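Okay, so here's the structure we're looking at.
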Amino acid sequence: MSEHTEDLRLAGAGALEVTLYSRPGCHLCEAAKAAIHPLLEEFGATLHEINIDADPVLTERYGWDIPVLFIGARKAAKHRINVRQLRRQLKEAKENAGQAHLVMVRKKGA
């Protein structure tokens, strides 16, 4: 059994790639987008919004259990977004990405 293409994309997501699984007409999804937008700019993160209704596998997986938010490949929240918690998670992701970059630079120069 092969992995779903979205699973592969998510597994390779960068530390500051934010994925929001949602569907049109979902008021919690709209509230989540409004809450995370300023944080995306603050941390230089990118957003991938995925409409689960466009894919039967994702519709089956998430159903009405949305929105679901991932930072990189890690689930960060679902249903409601806690802005303070999300800010902390993005800060940690940015710090970890910076440390990983330093390790790669040191290895090249070693």
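The C-beta contact set for segment 30-43 (first residue closer than 15 Å to F70 by Cα, second residue of a type in the set (A, V, I, L, M, F, W, C) and open to solvent by 30 Å² or more (accessible area, probe 1.4 Å), distance under 6 angstrom, 6+ apart or interchain) comprises A32/I81; A35/I81; A35/V83; L40/L47. For segment 79-88, the candidate set comprises residues that are in a loop (DSSP other than H, G, I, E, B) and either within 23 Å of D7 (Cβ to Cβ) or in contact (Cβ under 8 Å) with a residue 24 or more places away in the chain (or both); within that set, the residue that is most open to solvent (accessible area, probe 1.4 Å) is R80.
If you take the residues in segment 51-77 that are in a strand (DSSP E or B) and touching a Leu at 6+ places or on another chain (Cβ under 7 Å), which one is nearest to E17 (Cα to Cα)? Looking at the filtered set, the residue picked out is I71.
Taking (1) closer than 14 Å to A45 by Cα; (2) in contact with a strand residue (DSSP E or B) (Cβ under 7 Å, 6 or more places away or on another chain); (3) modelled with pLDDT of 95 or more in turn, R87 satisfies each apart from (2).
Table: residues versus (1) at pLDDT 95 or above; (2) crowded, with 18+ Cβ neighbours inside 10 Å.
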residue	(1), (2)
T5	no, no
L10	no, yes
R23	yes, yes
H27	yes, no
L40	yes, no
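On the given criteria, is Q99 farther than 18 Å from Y21 by Cα and either surrounded by 13 or more Cβ atoms within 10 Å (Cβ to Cβ) or modelled with pLDDT of 95 or more (or both)? Criteria not met by Q99.
On the stretch given as segment 56-78, residues that are open to solvent by 70 Å² or more (accessible area, probe 1.4 Å) and under 14 Å from the mean Cα position of the chain (by Cα) total 3.
The values are calculated or read from the model by the stated rules, or taken from the named source; none is laboratory data. Predicted, not measured: the structure shown is a model, and the values here were computed from it. A quick note on method: Cβ atoms are made from the backbone with ideal geometry, for glycine too, and the neighbour counts reach across all protein chains shown. These area figures cover heavy atoms from the full protein model, side chains too; ligands, DNA and RNA do not enter into them. Shrake-Rupley method; radii C 1.70, N 1.55, O 1.52, S 1.80 Å.
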